[in-house]
Structure formats: C-alpha cells, structure tokens
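Note sheet for the following structure.
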Amino acid sequence: MKAIQFSSLALAGALLACASNPTPVTVAGDPGDVASLAGKWSGEYSSPVTGRSGSIVFNLSNSGTAASGDVVMVPKGYGKALQRYNTGTTTPIQSSDNSQVLTIKLVRVSGDAVSGVLDAYRDPQCDCPVETTFVGRLHGDTIDGTFTTRGSQSVAPQTGTWRVKRSS
C-alpha cells in the first residue's frame, strides 16, 4: 500500500462508473435533516497510516428520499480500485482484473452529524474482509469527517479523513 499514486485516467474512469450506475443507499434520519444532504457530493478520502486515498461520490434527491452512493478506494502502489468482499471468491485479489466501486450501505443524519458504513471489501494488506465506518459534520456545502476500518483477522483499526463538497 505504499509507493506510486494512481493515475487521473483511472480516477476519471472510476468516477464515470459511479455516476452512470449509482448504488441505492438507505438513509435514516429526520426528513428535514435528510433533505439537508440533497444534491451531488464528491470529494476524497485519505489515510496517512495506510497510504490509501480515493474518491467519493454521493447523490441524494431533492426530496431526501432516494439516495445513491459509491466509494472508489485505490491504495497507493496497488494500481487499481479495491473490490467488494465476496465470501465465495477463492482467487487472491492481487490476480483480479475486475475493479469495482464499493457500496455505501447506510447513512444516518441528525442535525449536522452524518455517519455511515461501507459494505465489506477485501483489504490487500491481509487479503481479508474489512468494513469501514465514517462520521462527519455538515457545514453548508461541505462535509468533513473521519473513518475507521476494521478487519476480522486481527487487523488493527485503520483511520483517516474524508471531505466532500456539494456541486448541485
């Protein structure tokens, strides 16, 4: 997870995939609080501990009832996006060529506080499933926050920061 950074072309392709086929997200909270997240959000996350960084794309309808969101995680030195964890997969992730976006499973909002969780994905360091939770604060058209990633195979929790801005 250390070394080279991913290319702009790979990032652009991943963002295009997110925009063209968004994944539904469960959003919980007071209708007014949920509506405060309406719009298209995009930004980045990073973890100085793991060297991982990537893009975030999240959309919420103006009514605050329909949401979609995906995360692209590309660890430095890995050269491609991480993949969803599939319990039936026996092929090591290093040999897989089918990069996927990761799904935001749940988002909760209360006032200016936002939290959520990503579906499990395969960590390249331990080749095991990990899950990421995130929290943040809404400030106008920006949400800043932190995330924690935990694994099932004695992987120490990994932390980092994320930030998205509303574009519409």
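Just one of the listed residues (V107, V117) is closer than 20 Å to Q158 by Cβ, among the hydrophobic types (A, V, I, L, M, F, W, C) and either within 12 Å of the chain's Cα centre (by Cα) or at pLDDT below 80 (or both), and it is V117. In the range 71-84 there is at least one residue matching the filter, namely being touching an Asp or Glu at 6+ places or on another chain (Cβ under 7 Å), farther than 23 Å from I143 by Cα and modelled with pLDDT of 65 or more. Reported count of residues in the range 152-168, each being part of a strand (DSSP E or B) and farther than 24 Å from S36 by Cβ, is 3. Just one of the listed residues (G140, G111) is in contact (Cβ under 8 Å) with a residue 60 or more places away in the chain and surrounded by fewer than 20 Cβ atoms within 10 Å (Cβ to Cβ), and it is G111.
Residue count for the range 126-160 satisfying the condition of being of a type in the set (V, I, T), under 14 Å from G43 (Cβ atoms) and within 12 Å of the chain's Cα centre (by Cα): 1. Looking only at residues of the range 137-151 that are farther than 17 Å from R108 by Cβ and in a strand (DSSP E or B), we find that the one that is modelled with the lowest pLDDT is G151.
Suppose the filter is modelled with pLDDT of 70 or more, closer than 18 Å to W162 by Cα, exposed (fewer than 14 other Cβ atoms within 10 Å of the Cβ) and touching a Gly at 6+ places or on another chain (Cβ under 9 Å); does V57 pass it? Show your work before the answer.
Values: modelled with pLDDT of 70 or more: yes; closer than 18 Å to W162 by Cα: yes; exposed (fewer than 14 other Cβ atoms within 10 Å of the Cβ): no; touching a Gly at 6+ places or on another chain (Cβ under 9 Å): yes.
Considered against the rule, which asks whether it is modelled with pLDDT of 70 or more, closer than 18 Å to W162 by Cα, exposed (fewer than 14 other Cβ atoms within 10 Å of the Cβ) and touching a Gly at 6+ places or on another chain (Cβ under 9 Å), V57 comes out as no.
The values are calculated or read from the model by the stated rules, or taken from the named source; none is laboratory data. Predicted model, so just to flag it, every value in this text is computed and none were measured. Here Cβ is always computed from backbone atoms with ideal geometry, including for glycine, and neighbour counts include all displayed protein chains.
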